[in-house]
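Engineer: To start, I am sharing the structure in question, which I have written as structure tokens.
Rule-based calculations on the coordinates, nothing more; no lab input. Just so it is clear, the structure is predicted and the values come from calculations on it, not from any experiment. We place every Cβ from the backbone using ideal geometry, glycine too, and count neighbours over all the protein chains shown.
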Amino acid sequence: MNEMINVLDRGYVRLTNVMGSDLSVVNSARVSYDKESTELTEKDVRLIKFLAREGHTSPFRHATLQFEVYAPLMVARQHFKYLVGSSFQEPSGDNMMAWNESSRRYVTEEPTFYIPQPDEWRSAPENSKQGSGEPVEFKTGFDLTVELAEYIEQGERLYNEAMAQGVAAEQARLFLPAYGMYVRYYWTASLQSVAHFVNQRLAHDAQAEIQAYADAVYRLAKEKFPVSIGELVKTEGA
């Protein structure tokens, strides 16, 4: 399996593994009646719609998806909140999630950074603490892109100098501008958790960068669970 969608300038989301299908949701719901479907029927579709509509979410936890994500740290840390904030007590999430992330203590590849293009810089929103406002003037964006590239170049130079002097990698990386640096991680989550993430991060007031990743997750998940994702995800951007 190698379904992958490119995101931002150098990032991506790759679906690496799937357990289950829409049929898994149906059979999980019907097990108490000792019934099992071997192919998805209209009756099964109606059952999935009923489960999603009425908030009977446990059957959606019997299907899981595993993604490899390559994203700037500012996106990864927002995404990570869905792991640390999940439990069976929360109706919007569950604890069927796992997260493993690359570390610069062990990875020797060159650091990679997200640098917005001049027309990608956005103003702060006027009436909200979340999301973004309109794009800034092109000249302002151009200046910011140049300044950020120079800042990253300086950080990389200091990082490499520290490494060349024998400084431990976990300390040398202090010189790297952190929030724009790409990190690679595996995220495994139940179908319910995936839908919860997509619903929240495709919302209009979500940060544009994580919206792009949520859209990629949504498109990959919908290919495997077209009925369930169609019923669980009710966001404007989906």
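Engineer: Check which residues have an amide H placed less than 5 Å from Glu3's amide H, if you skip close sequence neighbours.
Structural biologist: Long-range HN contacts for Glu3: Leu15.
Engineer: Let me ask something additional. Not counting the cut sites, what is the longest span of the chain without trypsin sites (Lys or Arg not before Pro) that DSSP labels loop and that have at most 12 other Cβ atoms within 10 Å?
Structural biologist: It works out to 130-233.
Engineer: I need to check one value: relative contact order of segment 118-175, counting alpha carbon pairs closer than 8 Å and at least 6 residues apart, in percent. Don't skip to the answer; put the middle values down first.
Structural biologist: Values: 49 pairs, mean separation 14.8, N = 58.
Relative contact order comes out at 26 percent.
Engineer: (i) 64, 35, 27; (ii) 43, 43, 34; (iii) 67, 43, 32: which one is Cα extents along the principal axes in Å as calculated from this entry?
Structural biologist: (iii)
Engineer: Something else about it: Dipole size in debye (nearest 20) for segment 118-175 around its Cα centre, Lys and Arg Cβ +1, Asp and Glu Cβ -1?
Structural biologist: Using only the charged Cβ atoms, the result is roughly 220 debye.
Engineer: Does anyone have the angle between helix 208-224 and the longest principal axis of the chain? Alpha-carbon axes, 0 to 90°, nearest 10?
Structural biologist: 30
Engineer: Specify which residue in the list Ala172, Leu158, Tyr186 is farthest towards the positive end of the charge dipole of the chain, using unit charges on the beta carbon of Lys, Arg (+1) and Asp, Glu (-1), about the Cα centre.
Structural biologist: Positive-end residue among those listed: Tyr186.
Engineer: Right, another one. Let me make sure I get this right: for segment 118-175, a, b and c are the square roots of the gyration tensor eigenvalues over alpha carbons, sorted descending. Under 1.5 in a/c it's rounded, otherwise prolate if a/b > b/c, else oblate. Which is it?
Structural biologist: Numbers: a/c = 6.64, a/b = 2.25, b/c = 2.95.
It comes out oblate by the Cα gyration axes.
Engineer: Straight distance only, please: which lysines reach the Cα of Lys81 with their own Cα at less than 26 Å, same-chain residues fewer than 8 apart left out?
Structural biologist: Correct list for Lys81: Lys129, Lys222, Lys224, Lys234.
Engineer: Ranking Leu174, Leu40, Leu23 by Cβ neighbours within 10 Å, fewest first, what do you get?
Structural biologist: Values: Leu174 12, Leu40 16, Leu23 19.
By the 10 Å Cβ count, ascending, the order reads Leu174, Leu40, Leu23.
Engineer: Taking the Cα centre of the chain as origin and charging only Cβ (+1 Lys, Arg; -1 Asp, Glu), how large is the dipole, in debye to the nearest 20?
Structural biologist: On the way: 24 positive and 33 negative charges, 162 e Å.
For the chain, the charge dipole is close to 780 debye.
Engineer: Also, I was wondering about something else. Any chance you could give the angle, 0 to 90 degrees and rounded to 10, that helix 42-54 forms with the longest Cα principal axis of the chain?
Structural biologist: Computed tilt is about 60 degrees.
Engineer: Considering amide H positions built from the backbone, and no H for Pro or chain starts, which residues 5 or more places from Trp121, or on another chain, come under 5 Å of its amide H?
Structural biologist: For Trp121, the qualifying residues are Val136.
Engineer: Helix 191-201: angle to the longest alpha-carbon principal axis of the chain, degrees 0 to 90, nearest 10?
Structural biologist: Roughly 50 degrees between the two axes.
Engineer: Mean separation of Cα pairs under 8 Å and 6+ residues apart, divided by the residue count of the chain: what relative contact order is that in percent?
Structural biologist: On the way: 367 pairs, mean separation 66.6, N = 238.
Taking the mean separation of contacting Cα pairs over the length of the chain, I get 28 percent.
Engineer: Additional query: Local charge sum around Gly141 (other residues, Cβ-Cβ under 11 Å, Lys/Arg +1, Asp/Glu -1)? Don't skip to the answer; put the middle values down first.
Structural biologist: On the way: positive: Arg122, Lys139; negative: Asp119, Glu120, Glu137, Asp143, Glu147.
Net charge around Gly141: -3.
Engineer: Another one. Mind ranking 111-120, 163-172 by how tightly packed they are, going by the mean number of other C-beta atoms within 10 angstrom, highest first? Show your work: numbers first, answer last.
Structural biologist: Values: 111-120: 16.8, 163-172: 12.0.
The densest-packed peptide leads the list: 111-120, 163-172.
Engineer: What value, in deg cm²/dmol to 500, does the helix sum -39500 (n - 2.57) over DSSP H runs of n ≥ 4 give at 222 nm once divided by the residues of the chain? Walk me through the numbers before you get to the answer.
Structural biologist: On the way: 8 runs with 100 residues, N = 238.
It lands at -13000 deg cm²/dmol.
Engineer: Now, a different point. Taking every pair of distinct Cα atoms and averaging 1/r, then inverting, what Kirkwood hydrodynamic radius in Å comes out for segment 123-238? All intermediate terms of the calculation are to be shown ahead of the outcome.
Structural biologist: Numbers: mean 1/r = 0.0574 Å⁻¹.
Kirkwood hydrodynamic radius for segment 123-238: 17.4 Å.
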